[in-house]
Structure formats: structure tokens, C-alpha cells
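Chemist: Before I ask anything, here is the structure I am working with.
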Amino acid sequence: MAARTLSYLLSRSRSLSSSSGAASLLPSLGGKSGGWRNSNSHRYSTAAEVEELITPQVSINYTQHLINGKFVDAASGKTFPAYDPRTGDVIAHVAEGDAEDVNRAVAAARKAFDEGPWPRMTAYERSRILLRFADLVEKHNDEIAALETWNNGKPYEQAAKAEVPMLVRLFRYYAGWADKIHGLTVPADGNYHVQTLHEPIGVAGQIIPWNFPLIMFAWKVGPALACGNTIVLKTAEQTPLTALVVAKLLHEAGLPPGVLNIVSGYGPTVGVPLASHVDVDKLAFTGSTDTGKVVLGLAAKSNLKPVTLELGGKSPFIVCEDADVDKAVELAHFALFFNQGQCCCAGSRTFIHERVYDEFLEKSKKRALRCVVGDPFKKGVEQGPQIDTEQFEKILRYIKSGIESNATLECGGDRLGSKGFYVQPTVFSNVQDDMLIAQDEIFGPVQTIFKFKEIDEVIRRANSTRYGLAAGVFTQNLATANTLMRALRAGTVWINCFDVFDAAIPFGGYKMSGIGREKGIYSLLNYLQVKAVVTPLKNPAWL
């Protein structure tokens, strides 16, 4: 089960907490020195600067667009590089799409929907294809996970034991829904038979991010296919490789040509024409809030297509005064540092009750210093590199901002090693709500720790953000948990757990964290039209 795989990662992080370290803290970024605390004593469980990297035992076979069931070059013939975040080295050259490629893909998807077998085959047949696909992915688990780690930088153990199995679970979940989608018979005033039909919406345009390429593929593609739609998918330019591999397996499972099309490339040249396309009936996007606004505007200006948005977050993680501090420290560490901190729902504002603040802070600092950072292919590594230079440099700018704002840098604060995009696990204390590091989504391994006194106070502060994606609550008091779960304005509230992503649990945000929900039964509504059919009745026996 998907939820269990993430629980595995959490238990693994606990077991690794006694690992020994090797490399010392590197010099700071500069700025106000008053924010540092005993920086020369910090040690990290890593040998990232000197270690010999493992060569992935996987080949890169698919780098072209997938259009109408075939791998094809970009219309322009252009390619762009895909990188290994461990080194910054190029590992592949991928077809670089533009508006012409989008037009070809949309035309294939439109023909497959209007004339092809996919929406016309029985739901049970669609279900069987999705189940065969899940079996194929499971068979190729290790190769897919290796490619994901190579192109993304996340720990191989995370990819192989959590994320690829989660993709399998999600597609089996949606395969189970395929033949259970149906309308209703509705009683009406008068002699009428009224029924509703739940119909596929048509051609779905989907844009996925780089932090969880395989899981985002499943969140988008799974429900769309289960409902009988066709798809044009834009992958993130940072991580285009694994989607092409699993799409090939989906066709091996029996998916008809044109049902799933993939165009690789950049936002302005692929994302914009896809969002603007008048022959796309539905749009789904996961990414930053700022880009989500652009996508929503393009959809509105073109053909007013409906849009699902899963956007940014600045999620509170609240540790109450009755907490088991050791357990709270471990869970808070996981909530923030999981996936190198590159998680939209990361518990990135850690609120600690004043009675346990000092103990929590000291133990959180020690936990961060024990974090095992290095080659993500090596067993036991908890944190790999950030995705690319842009993200790497952005994180370092936020760290510098925190130092200059007079937050206390407890540990970390700089790059790790001299090659690749590694950032030291970083912890700030004495963070104030008006600081940039308290307000913006950093999307990196930077934990910001706040102190609170009263429950009403922490509710107000936790909700004082433009985001509302998720929240974490750590307490042994049921009344406190009930108060917080209802008061926090977030799409998901995890109580005494975090990052539980079961296939059936809906996910999405309040406020500027998005529109709509993904996963679970709610995600199906994104890809269905509801049609009311009314027929007069003559002399009905009953109404």
C-alpha cells in the first residue's frame, strides 16, 4: 500500500539517526554574523565532497516525443539536455517541443477521442489495460526507480520502495474505478424520467512538475484514463525521462494510439500553447502558484476550459505542549526534509509550544546534523542533491535572507561538497512571522522553527498565509486535535503523522494552494461531464 511505503521511509529515517559523519560545515554565505551559533562545531553524516559516485545500471532509450503511439523527433529537430543533479553532467538530449508539436499531439488526442476505441470500449476493458500496465511497471520497478533517481536526485530507496510502488497502487486503484463510474436516476416533479450521465470530458491537457515525476504522472493520467479521456501530457523539462518509459509500458499493455501523448519541453514553448489550445477540453496543472495563475488565465482566454490546480504551500507543523518530543522531532524532520525538502506540502513552518521549545530545538538540530547526505544511489542516504542550479541557488538565497533577517542559524546554511547541487540540512530558530523564510515556499532542506504559547495564537499564525495546502498536528490530546483539525484552513491535516498519501485520500489546497482535488473519488470529477437527460412519461405506474 502507498501509505505503508511512506511509513517505511519514516521508520528508515529513524533507524539511520545513529549514522556517523565525515565532512565538516563549509564556510557561510556571509551576511550578518550575529545569526550564527557555534558554526565551527557542526558535523554532517556525509562524504558528498569526496565520495565516488555509483554508475546507474540503466540505459536511456526514450528521448523523443510520444505522439499517436509513436516516438518522434520534435518538428524543429531541436533537443535540450537532461542532467544528473549529482554532478550537473548531461545524461541525455531530449526532443524539445514547440507549438507545432503540441498541435500534432492535440490532433492525435482529438482523433483518438472522437473516432478511436478508447472511450467506446467497455469500462471493464479499460480497467484490464490499466491493470496490465500496473503489472508491467511492477515488473520493471528497479530500472524505473534507477532512472528516476538518476534524473531527479532523490534517494534510490525512496524511488524503488515508495514511489514506483505508489504509481502501481494508484493505477490499480483507478482501474478499479473504471467500471464503477455511472450516473443517477433523479426523481422530478411531473411525469418525467430523469437520469444523469457521467461522460468523459474529452482531450485533457496535463502539466506535471519535477519533484515527483512518476507520482504526478499517476495522479494525472490515472483518473483521466479511467474516465475514458485522451491526454496530452507536458513533462517538466528537468525530469522528462521516466514518463516516456512508463508510457511505453502503457502502450505495451494495450493502450490504443493517440490516447496518451507526451510532449517534452519548456513552459513558454510547450506549456503555453497547450494551456491556450482551443481543442483541449480540460487542463490540469501542478506547480508554483505564480505559474498556476498564468495557466488559469490562458485557459480562460482561450476556450474557458476547466482547470485543476495543485500549487504551492507553506504548511504549518504544530507540536503541542503534551508531545513526546523525541517522536515529534523525528516526524517534523521527515515532514520538512523528505525529498530534499522539495515537496509542496512540506511542514516548512514548525510551530513549537514554548514549554518544549528548547528541548525540541536542540534535538532537531542534532537530527539535522545526523542526516545522511550523499549519492542517492547509496544505501542509507536520506538526502540527495537538489534538482538543478536554479533551485539550488534559490535555496541559498533564502538561507542568506534568513541570516540577514537575524533568524538564528542553528546548523547548515551552505552548499555541501564542490560538485552537484547538494545543500546542507539547515535549521533556523528564532524565526519571526514577517521574515521572508517564514512566508515564501523555499522548496529545499531548510527547517524554520517558531515558538508559540496558546492554541488560539498558533491557529491565527498558522492560517496567516496565502497558502492552505496541508498542516501537521502533534498532540496526545483528542480535544486539542479536534480543535486544530477544524480550525486550520488546509486541504489536508495530518494528526500525529505526515505525508500519508494513500490512493484513496484526496489531496488539494485552500486559498492560493489550488483548485480542486486529486486522488480518491474526488479526482474522477475533474475528468467527467454531467449530462441531464429528461424524457416525458405517459401514464407512469409510479413516479
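The values are calculated or read from the model by the stated rules, or taken from the named source; none is laboratory data. Given the structure is predicted, the values throughout are model-derived calculations rather than measurements. Positions of Cβ are backbone-derived with ideal geometry, glycine not excepted, and every protein chain shown enters the neighbour counts. Please note that ligands, DNA and RNA were not included when accessible areas were found on the heavy atoms of the full protein model with its side chains. Shrake-Rupley method; radii C 1.70, N 1.55, O 1.52, S 1.80 Å.
Chemist: Over the chain, with the other protein chains present, what is the accessible area per residue in square angstrom, probe 1.4 angstrom?
Modeler: Values: 21150 Å² over 543 residues.
With all protein chains present, the chain gives 39 Å² per residue.
Chemist: Any idea what the dipole of the range 309-416 comes to, in debye rounded to 20, about its Cα centre with Lys/Arg Cβ at +1 and Asp/Glu Cβ at -1?
Modeler: Working: 15 positive and 18 negative charges, 58 e Å.
Here the size comes out at about 280 debye.
Chemist: If you don't mind, there's one more thing I want to ask. Let me know the shape class of the range 316-502, please: from the alpha-carbon gyration tensor, a ≥ b ≥ c as square roots of the eigenvalues, rounded when a/c is under 1.5, otherwise prolate if a/b is greater than b/c, or oblate.
Modeler: prolate
Chemist: Let me ask another. Any chance you could run the full-extension gain for Ser464 through Cys497? It's 0.36 nm times the residue separation minus the Cα-Cα distance, nm to one decimal.
Modeler: Length gained between Ser464 and Cys497: 9.6 nm.
Chemist: A further question follows. List every residue whose amide H lies under 5 Å from the amide H of Gly205, counting only residues 5 or more places away in sequence or on a different chain, with H placed 1.01 Å from N in the peptide plane.
Modeler: Val232, Asp281, Lys282, Leu283, Ala284
Chemist: If you roll a 1.4 Å probe over the chain with all protein chains in place, what percent of the accessible area is carbon or sulfur?
Modeler: Ligands and nucleic acids excluded, carbon and sulfur reach 52 percent.
Chemist: What figure, in Å² to the nearest 10, do you get for the accessible area of Ile455 with a 1.4 Å probe and non-protein molecules left out?
Modeler: Surface open to solvent at Ile455 totals about 50 Å².
Chemist: Here's a follow-up. Can you find, among Gln391, Cys343, Ile442, the residue farthest towards the positive end of the dipole of the range 316-502? Put +1 on the C-beta of Lys and Arg, -1 on that of Asp and Glu.
Modeler: Gln391
Chemist: Right, here's the next one. Grab the beta carbon distance between Asn191 and Tyr522, set R0 = 35 Å, and tell me the FRET efficiency rounded to 0.05.
Modeler: 0.50
Chemist: Also, I was wondering about something else. For the chain, what relative contact order do you get, as a whole percent, if you take Cα pairs closer than 8 Å and at least 6 residues apart?
Modeler: Averaging sequence separation for qualifying contacts and normalising by length gives 20 percent for the chain.
Chemist: Just want the answer: with Cβ charges of +1 for Lys and Arg and -1 for Asp and Glu, which residue in Pro213, Ile144, Val203 is farthest toward the dipole's positive end in the chain?
Modeler: The listed residue farthest towards the positive side: Val203.
Chemist: Calculated from the structure, semi-axes √(5λ) of the Cα gyration tensor in Å equals which of (i) 51, 28, 23; (ii) 41, 29, 20; (iii) 35, 34, 21?
Modeler: (ii)
Chemist: In the range 491-543, which chymotrypsin sites (Phe, Trp or Tyr not before Pro) are in a loop and have at most 11 other Cβ atoms within 10 Å, using DSSP for the loop call?
Modeler: Those that pass, being in a loop and sparsely packed, are Trp542.
Chemist: Pull out a ≥ b ≥ c, the square roots of the eigenvalues of the alpha-carbon gyration tensor of the range 223-320, then state rounded if a/c is under 1.5, prolate if not and a/b is larger than b/c, and oblate in the remaining case.
Modeler: oblate
Chemist: Read phi for every residue in the range 469-474 and hand back ³J(HN,Hα) as whole Hz from Karplus 6.51 cos²θ - 1.76 cosθ + 1.60, θ = phi - 60°, with x for Gly and Pro.
Modeler: Couplings: 7, 7, 7, x, 10, 10 Hz.
Chemist: Kindly work out what percent of the DSSP beta bridges joining two residues of the range 316-502 are antiparallel, to the nearest 5. Please report the intermediate quantities before stating the final value.
Modeler: Details: 4 of 24 bridges.
Counting only bridges with both partners in the range 316-502, antiparallel ones make up about 15 percent.
Chemist: Here is a follow-up. For the range 222-264, what ratio Rg/Rh do Cα atoms give with a Kirkwood hydrodynamic radius?
Modeler: 0.96
Chemist: OK, next. Once you have the Kirkwood Rh of the range 113-163 from its Cα pairs, apply Stokes-Einstein at 10 °C and 1.306 mPa s and quote D in µm²/s.
Modeler: Stokes-Einstein gives a translational diffusion coefficient of 123 µm²/s.
Chemist: Output the 0 to 90 degree angle, nearest 10, between the alpha-carbon long axis of helix 289-302 and the longest principal axis computed from the alpha carbons of the chain.
Modeler: 20
Chemist: A follow-up question, please. Suppose R0 equals 45 Å; then what is the FRET efficiency for Gln476 and Lys70 from their Cβ-Cβ distance, rounded to the nearest 0.05? All intermediate terms of the calculation are to be shown ahead of the outcome.
Modeler: Numbers: r = 58 Å, r/R0 = 1.28.
After rounding to 0.05, the efficiency reads 0.20.
Chemist: Separate question: Once you keep just the Cα pairs under 8 angstrom separated by 6 or more residues, what percentage relative contact order results for the range 307-364?
Modeler: Details: 65 pairs, mean separation 28.5, N = 58.
The value is 49 percent.
Chemist: Using the Karplus equation 6.51 cos²θ - 1.76 cosθ + 1.60 (θ = phi - 60°), what ³J(HN,Hα) coupling, rounded to whole Hz, does each residue of the range 271-288 give in order, writing x for Gly and Pro?
Modeler: Taking θ as phi minus 60°, the curve returns x, 5, x, 5, 5, 8, 5, 6, 9, 9, 8, 7, 10, 10, 9, 10, x, 6 Hz for the range 271-288.
Chemist: Dipole size in debye (nearest 20) for the chain around its Cα centre, Lys and Arg Cβ +1, Asp and Glu Cβ -1?
Modeler: In debye, rounded to 20, the chain gives about 760.
Chemist: Of all beta bridges DSSP finds with both residues in the chain, what is the antiparallel percent, to the nearest 5?
Modeler: In the chain, DSSP labels about 45 percent of beta bridges as antiparallel.
Chemist: While we're here: Just grab the label-to-label distance for Val533 and Glu100, each label 7 Å out from Cα along the Cβ direction, in nm (one decimal).
Modeler: Each label point lies 7 Å from its Cα, and together they span 4.4 nm.
Chemist: Divide by every residue of the chain the summed helix terms, -39500 (n - 2.57) for each DSSP H run of at least 4, and state the resulting mean residue ellipticity at 222 nm, rounded to the nearest 500 deg cm²/dmol.
Modeler: It comes out at -11000 deg cm²/dmol, rounded to the nearest 500.
Chemist: Further, regarding this structure: Under a point-charge model restricted to the Cβ atoms of Lys and Arg (+1) and Asp and Glu (-1), what is the dipole moment magnitude of the range 403-543 relative to its Cα centre, in debye to the nearest 20? If you can, show how the numbers build up before the last one.
Modeler: Numbers: 14 positive and 13 negative charges, 157 e Å.
About 760 debye.
Chemist: Please state the relative contact order of the range 195-291 as a whole percent: Cα pairs under 8 Å, 6+ residues apart?
Modeler: Once normalised by length, the contact order is 40 percent.
Chemist: Something else about it: Count neighbours as other Cβ atoms within 10 Å of each site's Cβ, and list the GluC sites (Glu not before Pro) in the range 394-491 that are DSSP loop with at most 10 such neighbours.
Modeler: Values: sites: Glu404, Glu410, Glu441, Glu454, Glu457; in loops: Glu441, Glu454.
Those that pass, being in a loop and sparsely packed, are Glu454.
Chemist: In nm, what is the difference between 0.36 nm times the number of residues separating Thr122 and Asp440 and their Cα-Cα distance?
Modeler: Residue separation times 0.36 nm, minus the Cα-Cα distance, leaves 109.8 nm.
Chemist: To the nearest 0.05, what FRET efficiency results for Leu543 and Asp179 with a Förster distance of 22 Å applied to their C-beta separation?
Modeler: After rounding, the FRET efficiency stands at 0.15.
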